[in-house]
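Accompanying notes for the structure given below.
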Number of protein chains: 2
Amino acid sequence: MSVSFQVLARDGAARRGRLATAHGVVDTPAFMPVGTAGTVKAMTPEGVAATGARIVLGNTYHLMLRPGADIVLGNTYHLMLRPGAERIAGLGGLHRFMNWPHAILTDSGGFQVMSLAARRTIAEAGVTFRSHLDGSLHELTPERSIAIQHMLGADLTMALDECTPYPAPREAVESSMELSMRWAERSRRAFVERPGHGVFGIVQGGVHPDLRLRSAARLIEIGFEGYAIGGLAIGEGQATTFAVLDATVPALPEDSPRYLMGVGKPADLVGAVLRGIDMFDCVLPTRSGRTAQAFTRGGTLNLRNARHADDPAPLDPECPCPACSGYSRAYLHHLSRAGEILASMLLTAHNLRYYADLMAAMRAAIERGSLAALAATFEAQNDPDPARAPLTPTGIT
Amino acid sequence: MSVSFQVLARDGAARRGRLATAHGVVDTPAFMPVGTAGTVKAMTPEGVAATGARIVLGNTYHLMLRPGADIVLGNTYHLMLRPGAERIAGLGGLHRFMNWPHAILTDSGGFQVMSLAARRTIAEAGVTFRSHLDGSLHELTPERSIAIQHMLGADLTMALDECTPYPAPREAVESSMELSMRWAERSRRAFVERPGHGVFGIVQGGVHPDLRLRSAARLIEIGFEGYAIGGLAIGEGQATTFAVLDATVPALPEDSPRYLMGVGKPADLVGAVLRGIDMFDCVLPTRSGRTAQAFTRGGTLNLRNARHADDPAPLDPECPCPACSGYSRAYLHHLSRAGEILASMLLTAHNLRYYADLMAAMRAAIERGSLAALAATFEAQNDPDPARAPLTPTGIT
């Protein structure tokens, strides 16, 4: 009826899963490129799909299921104001609008309302705010958020929640979480069941394990097709993020997908998959692609750096993406310095491919029972002390 | 030995030709997308080639020869300063640097020196100027320009000329043209002959037929692989441009390619092909693609216009480009309004395809002896009075 999720293999707390939606199957753990305004910036939909489809070259099972980047996050806040959910619905829905035939998850719009909109007022009913584009007044309630996501045609809909800032007093975190739980219940009731579609609840509760557990218990009582963990990667640091996951994930249903929102850096993904997370979204690979940052197996590179100016080597000799197969670091350096659009196009394609390849490698490692070994190798290659590196606050799109 | 040019068919003054270079064959009349800084803005090289390769789908002869956008204009001025011709030479030349396996024509650098550089001084030896990027002092002589183009590995090299402003007193136009002719001779002498490579002379002389004829005669006396007409499309208006072509083109050799520099709008291309021009370059299709302007069979559209907001129709139902086959005008409107890079990518691809298709249609019409009919239809559809519309000064890249 709704979306279906199967855990195919386990390795410690990590799971290798399969999420079936109205627009195809998503292999998990999965990373979702962010398509803020109905486009993954600097990418064609074919290019986005290609970063995923190529992850699994040579593996029939993966090729059959279109893995990697088969799911895109649309931001309801952006699509609501520009060009309007009703308009997109009238044009046949978001899949058709953006020419993306695979699965789409939309967020509730709450995060961008909190971070971008002007003069927002939160009440029991919902949040009123003014558009950052034209100052027009809007109200976002759980019911309205769900209706918008329905109009967009999202395969996976997110419940509306309040995004608790960090740090905040425990009492504020608690009452915010309780409001989010009441909104979660209204979101669930407002959601119209359709085959291949589902709605996810969002665990809140800041860095307090007891609040997180209370939130998780309440969401399970309501019942959702998936469970997200929100309110993390907003400045608390990776060690704290991981501690919250250690406390929260075991309380979530074994047979439902778990989605860590707005995360993150490659090392964050590895640590979270080890702790049982199945889905991620983050603007980091796309945004970095537009600022000349490239993720490689040898670490992160800034292509603007003069040391690349005469380097005939590809970005990453192991990577088969368009950037690595056709161009030198010298050329990418030149394009980045000259502010050429092609720099954003090639580096975004590369970074999404890197993320998709990392997820594919983790999926394969879980199947073989070797995820811990992959994580140890990854940590040694990339970041000798990841606990020292704060998580990038990456949820803002 | 050098490049070869064959006229395959004639229709009035118009010619259907074939230019063979070290990097493949170019079917003429041909339009050259501009790759200012070693990239056609917002396009991958594969995407640029695809705008051409698809012009001639279904026509084996054309498919065999890779028509349309097989030749790209690199601007020597830009490539000289950033990232440096020596650097590009050290990296294997411009073809390899920008991953473009087809033909490349480079300009002499003179036009950008005149239009972009600071504190330029023109003398008999050449022009000294300061970079608009870092103020560094450079000298561009005919010999240096040819050497740079050799280092870049251009298939087609342009002689250095002085770009006479418009309007200018006849005496200034005359002495400027005479200087350009002396530079042309030095350019020819400096050019190193290589198989599949050639150097073009540039006819100057402003709007004065006798000066144009004197310039053409001098260039023919020197001897070049091709003859360009420079100093047009700089504000004189289409009727004047065409009058200069009417006076100049008959004086050029029948067996050499003729290149009208920096032109132009679609109607300009049609009128110039009717007058015997074989090659064009212009930033108009690429620049327009980045400012939400689309060329279509039904006229030029501004995608930012609100009337497109709910339009489910494609940009041009007859166009098989990626923009027209996957997206609605409503979506392109949304992307343009939102400032999304994908708007530039899709509209540039469309515009280059439109130009390539127009050239292919003209080539076919010449073969059938029906170019006049094509021109009449085109004029009726696009611009009832093209003489009223001034040529866009499009040479600045």
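The values are calculated or read from the model by the stated rules, or taken from the named source; none is laboratory data. These numbers come from a predicted model, not from an experiment. Heads up, the Cβs are rebuilt from the backbone with ideal geometry, glycines too, and the neighbour counts pull from every protein chain shown. Surface areas here come from the heavy atoms of the whole protein model, side chains and all, with no ligands, DNA or RNA. Shrake-Rupley method; radii C 1.70, N 1.55, O 1.52, S 1.80 Å.
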- Query: Can you give the calculated 222 nm mean residue ellipticity of the protein assembly as shown, where each DSSP H run of n ≥ 4 adds -39,500 (n - 2.57) and the sum is split over every residue, rounded to the nearest 500 deg cm²/dmol?
  - Reply: -12000 deg cm²/dmol
- Excluding A:Phe129 itself, calculate the net charge of residues whose Cβ lies under 10 Å from the Cβ of A:Phe129, where each Lys or Arg counts +1 and each Asp or Glu counts -1. +2
- Task: Note down the accessible area of A:Cys163, probe 1.4 Å, to the nearest 10 Å².
- Result: 30
- Accessible-area ranking of B:Glu185, B:Glu162, largest first, probe 1.4 Å: B:Glu185, B:Glu162
- Distances in nm between the label point of B:Thr121 (7 Å along Cα→Cβ) and its equivalents in the other copies, shortest first, are 7.0
- To the nearest Å², the heavy-atom accessible area per residue of the protein assembly as shown with 1.4 Å probe amounts to 34
- Task: Could you please put B:Met181, A:Met114 in sequence from largest to smallest accessible area, using a 1.4 Å probe?
- Result: A:Met114, B:Met181
- Item | Nearest 10 degrees, 0 to 90: helix A:142-152 Cα axis against chain A principal axis | 50
- Message: Which of the three applies to segment A:318-387, rounded, prolate or oblate, going by the alpha-carbon gyration tensor with a ≥ b ≥ c and a/c under 1.5 meaning rounded?
- Response: prolate
- What spacing in nm lies between the two simple spin-label points modelled at B:Arg368 and A:Asn302, each 7 Å away from Cα in the Cβ direction? 5.9
- Task: Give the angle, between 0 and 90 degrees and rounded to the nearest 10, that separates the Cα long axis of helix A:371-382 from the longest principal axis of the Cα atoms of chain A.
- Result: 60
- Query: To the nearest whole number, what is the average tally of beta carbon atoms from other chains within 10 Å of the beta carbons of peptide B:339-346?
  - Reply: 6
- Report the paramagnetic label zone for A:Thr377: residues of segment A:288-306 whose backbone N is under 14 Å from a point 7 Å from Cα along the Cα-to-Cβ axis. A:297-298
- So how far apart, in nm, are the two label points at A:Ala89 and A:Ile220 if each is 7 Å from Cα heading toward Cβ? 3.5
- Principal axis dimensions, largest first and in whole angstrom, of segment B:179-325 by Cα: 60, 36, 24
- Query: Hey, in the GNM for chain B with a 10 angstrom Cα cutoff, which one of B:Asp246, B:Asp281, B:Asp134 fluctuates hardest?
  - Reply: B:Asp134
- Task: Count charges around B:Val263 for me, please; just the other residues with Cβ under 13 Å from its Cβ, Lys/Arg as +1, Asp/Glu as -1.
- Result: -1
- Note on the structure: With the label set 7 Å along Cα→Cβ, A:Thr377 is separated from its counterparts in the other copies, in nm and shortest first, by 6.1
- Chain B residue with Cβ closest to the axis mapping B onto A, distance in whole Å: B:Ile341, 3
- Averaged over the residues of A:44-51, the number of partner chain Cβ atoms within 10 Å of each residue's own Cβ comes to 2
- When you take every Cα atom in segment A:243-397, what is the radius of gyration, and what is Dmax, the widest Cα pair distance, in Å? 16.6, 53
- Could you tell me which GluC sites (Glu not before Pro) in segment A:101-155 are loop residues by DSSP with no more than 13 other beta carbons within 10 angstrom of their beta carbon? A:Glu124
- Quick one: accessible surface of B:Ser344, probe radius 1.4 Å, all protein chains present, in square angstrom to the nearest 10. 20
- Message: Below 25 Å, Cα to Cα, which lysines can B:Lys41 reach? Residues fewer than 8 away in the same chain don't count.
- Response: A:Lys41, B:Lys265
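Chains B and A: what accessible area do they bury, summed, in square angstrom to the nearest 100, with a 1.4 Å probe?
2900
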- With every protein chain present, what accessible area does A:Thr157 have (1.4 Å probe, heavy atoms only), rounded to the nearest 10 Å²? 0
- Rg (Å, one decimal) plus Dmax (Å, integer) for the alpha carbons of segment B:166-205? 13.1, 42
- Label spacing, shortest first and in nm, from B:Gly84 to its equivalents in the remaining copies (7 angstrom along Cα→Cβ): 5.5
- Item | Simple Cβ-charge dipole of the protein assembly as shown, Lys/Arg +1 and Asp/Glu -1, about Cα centre, in debye nearest 20 | 100
- Quick one, can you get me the convex hull of the C-alpha atoms of the protein assembly as shown expressed as volume per residue in Å³? 163
- Task: Compute the label zone of A:Ala123 within segment A:139-168: residues whose backbone N is under 13 Å from the point 7 Å along Cα-to-Cβ.
- Result: A:139-141
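I'd like the antiparallel share, as a percent to the nearest 5, of DSSP beta bridges with both residues in the protein assembly as shown.
In the protein assembly as shown, DSSP labels about 50 percent of beta bridges as antiparallel.
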- Share of accessible surface on carbon and sulfur in segment B:199-272, whole %, 1.4 Å probe and ligands ignored, is 59
- Cα principal axis extents for chain B, largest first, Å: 59, 47, 42
